[in-house]
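The block underneath contains the structure these notes are about, expressed in structure tokens.
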Amino acid sequence: QVQLVESGGGLVQAGGSLRVACVGSGRTFRNYVMGWFRQAPGKEREFVAGIGWGGGSKYYSDSVKGRFTITKDNAKNTLYLQMNSLKPEDTAVYYCAASTSYGSTWSGDFRSWGQGTQVTVSS
């Protein structure tokens, strides 16, 4: 399995931007579909974005489409989530995760998880 560590979370005002990153070790990212999930207090973990093995294919939840961009650098074993036009409802702990199933938005298909990074958007 791949070990994952997120970073880059923080506090930002509504309308601002933030980029979170996820570094992997143990296995190359090229072997995995990677995804970002988030979990707000009192809510279930939800899918945010996913990216295919080579990094060319991407898919997003409707709530972030057009505002967030997922990218992947296989050479650096690093996953990114660029978040623009942030809204208070984007406040959550953001997790990166690894899967072998492209297109899945179900957390159960993602077998390796990071510890999460907090993103807080103030109004």
Inset, instruction - Could you tell me whether the stretch 103-122 includes any residue that is within 22 Å of Ser25 (Cβ to Cβ) and of a type in the set (A, V, I, L, M)? - result: no
Legend entry - Subset of the stretch 4-56 [at pLDDT 95 or above, among the polar types (S, T, N, Q) and assigned to a loop (DSSP other than H, G, I, E, B)]: Ser17
Inset, instruction - Being under 11 Å from the mean Cα position of the chain (by Cα) and aliphatic (A, V, I, L, M) is the filter; apply it to the stretch 75-94 and report the residue that is most open to solvent (accessible area, probe 1.4 Å). - result: Val93
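Take the residues of the stretch 95-112 that are of a type outside the set (S, T, N, Q) and surrounded by 19 or more Cβ atoms within 10 Å (Cβ to Cβ): which is farthest from Leu4 (Cα to Cα)? Full working, then the answer.
Step one: list which residues in the stretch 95-112 are of a type outside the set (S, T, N, Q), which gives 95-98, 102-103, 106, 108-111.
Imposing the further condition that a residue be surrounded by 19 or more Cβ atoms within 10 Å (Cβ to Cβ) reduces the set to 95-98, 110.
Values: Tyr95: 9, Cys96: 7, Ala97: 7, Ala98: 9, Phe110: 12 Å.
By that ranking, first place goes to Phe110.
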Inset, instruction - Go through the stretch 60-71 residue by residue and tally those that are open to solvent by 30 Å² or more (accessible area, probe 1.4 Å) and either in contact (Cβ under 8 Å) with a residue 60 or more places away in the chain or not in a loop (DSSP other than H, G, I, E, B) (or both). - result: 3
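Here is a check on your reading of the model: is Ser57 in contact with a strand residue (DSSP E or B) (Cβ under 9 Å, 6 or more places away or on another chain), under 16 Å from Val121 (Cβ atoms) and open to solvent by 40 Å² or more (accessible area, probe 1.4 Å)? Lay out the reasoning, then the answer.
On the way: in contact with a strand residue (DSSP E or B) (Cβ under 9 Å, 6 or more places away or on another chain): yes; under 16 Å from Val121 (Cβ atoms): no; open to solvent by 40 Å² or more (accessible area, probe 1.4 Å): yes.
No: the conditions fail for Ser57.
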Inset, instruction - With the checklist (1) in a loop (DSSP other than H, G, I, E, B); (2) closer than 12 Å to Val33 by Cβ in hand, flag the one item Leu79 doesn't pass. - result: (1)
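The values are calculated or read from the model by the stated rules, or taken from the named source; none is laboratory data. A quick note: this is a predicted structure, and the numbers were derived from the prediction, not measured. So basically every Cβ, Gly included, is an ideal-geometry build from the backbone, and we count neighbours across all protein chains shown. For the accessible areas, the whole protein counts, side chains as well, though only heavy atoms, and no ligand, DNA or RNA atoms are used. Shrake-Rupley method; radii C 1.70, N 1.55, O 1.52, S 1.80 Å.
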